Amino acid sequence: MKIRVLGSGAGGGFPQWNCNCDNCRRLRHQQMNGKARTQSSIAVSTDNKNWLLFNTSPDIRAQLEAFPAIQPKEGIRDTGIKAVLLIDSQIDHTTGMLMLREGKEPLNVYCSEMVKQDLTTGFPVFKMLEHYCTVKHHPVPLDGSSFTVEAIDDIRLYTHSLKSKAPPYSPHRHDPHEGDNIGVIIEQISTGKRVYYAPGLGEIEPHVLSAMQNVDCLLVDGTFWTEDEMIACGASSKKAQEMGHLAQSGPGGMIEVLNAIPDTRKILIHINNTNPILDEDSDAFKILNQNGIEVSYDGLEIEL
């Protein structure tokens with residue numbers, strides 16, 4: 001199984017277009033040892049030909065152009081993208097579907113009923129695409145049970161609900177529902193190899209910890225280093241958990257959680273532009289290295 005990190009950044013990417021935080025300013029002026037990042041998305045395949053996308057960021061065109069394996073191979077119109085699985089209905093995970101509108105076949109989209117509701121009401125991407133390629137929706141289970149995806153051979157998926165808030169434009173923004181955000185185990189049937197993908201984790205619930213303990217690779221929330229990161233740099237008045245993310249440092253943080261899971265490759269994804277781990281010379285980046293935790297980057301390929 002091959003996993004390609006198309007985008008490793010949080011919403012806005014890195015550097016964010018209107019941000020003058022220490023990280024963004026220094027990267028623009030080539031004053032830090034770091035990499036630019038587009039917004040979070042991955043692609044998975046077992047044959048290097050047919051691909052399942054997880055999320056479709058606003059940066060998807062550039063991401064696909066940087067990835068030859070998924071580009072057209074046959075005929076005047078072609079793609080290696082066979083389906084899309086949406087983790088949530090956030091703008092930075094769904095807007096890219098509009099860039100896929102030229103497809104000659106309906107876009108197969110796997111997502112929860114709550115995400116479907118958001119994408120037909122508050123942010124009506126599904127309705128917009130009715131005028132182009134159209135969307136064929138496939139519901140996903142929220143109890144950890146398994147399913148397969150048409151045209152993606154040798155892959156089985158297990159999805160479960162995560163505690164989260166729906167986006168600001170959701171009709172139930174202040175009334176959380178199961179399925180607003182999901183985590184997924186991706187399993188290659190023939191080998192039994194598994195990866196757990198959850199770019200947004202605000203709490204390590206028992207079923208989440210169980211999933212994390214039973215995979216070969218973790219690709220999980222790396223948004224913030226500290227709980228008050230956005231407040232400290234003056235970018236927001238909200239703490240990490242208020243935004244649905246578990247900070248890496250501190251008691252009960254992601255580092256502590258990951259350190260309790262042995263014999264598993266551990267990779268952070270969905271990294272906010274304010275996070276000091278983006279600077280590969282920073283103490284924060286060195287602490288992750290010392291704890292055997294990797295920081296994903298655009299173009300990273302994982303083979304299991």
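Computed from the coordinates by the stated procedures, all read-outs in this text should not be read as laboratory data. Since the structure is predicted, the reported quantities are computational estimates derived from the model, not experimental observations. Because the Cβ atoms are built from the backbone with ideal geometry, glycine has one as well, and the counts that use them run over all protein chains shown.
Once the chain from Ser236 to Met128 is taken as fully extended at 0.36 nm per residue, the excess over their C-alpha distance is 35.7 nm. Distance between Cα centroids, segment 165-219 to segment 244-284: provide it in whole Å. Here the answer is 17 Å between Cα centres.
Subtracting the Cα-Cα distance of His177 and Asn33 from their residue separation scaled by 0.36 nm leaves 47.8 nm. Look at the dipole of the chain built from charges on Cβ: of Ile87, Leu100, Ala10, the Cα furthest out on the positive end belongs to Leu100. For segment 2-303, the alpha carbon positions stretch 49, 41, 40 Å along the principal axes, listed from largest to smallest. Here's how it looks for Val140: its modeled amide H is under 5 Å from those of Cys111, Ser112, Glu113, which are all 5 or more places away or on a different chain. Put +1 on the Cβ of each Lys and Arg and -1 on the Cβ of each Asp and Glu in the chain; which of Gly292, Asn33, Leu258 then has its Cα farthest toward the positive end of the dipole? Value: Asn33.
Taking the DSSP beta bridges with both ends in segment 42-195, the antiparallel portion is around 60 percent. Pairs from the table (Lys73/Lys286; Lys35/Lys104; Lys2/Lys136; Lys2/Lys163; Lys35/Lys82) lying more than 32 angstrom apart at Cα are Lys73/Lys286; Lys35/Lys104. DSSP beta bridges fully contained in segment 2-303 are about 50 percent antiparallel. Dipole orientation for the chain: of the candidates Cys111, Tyr158, Ile76, Ile76 has the Cα lying most toward the positive pole (charges on Cβ; Lys, Arg +1; Asp, Glu -1).
Calculated [222 nm] ellipticity per residue, helices only, for the chain: -4000 deg cm²/dmol; basis is -39500 (n - 2.57) per DSSP H run with n ≥ 4, divided by all residues, nearest 500.
The length gained on full extension between Asp22 and Glu303, counted as 0.36 nm times the residue separation minus their Cα-Cα distance, comes to 97.8 nm.
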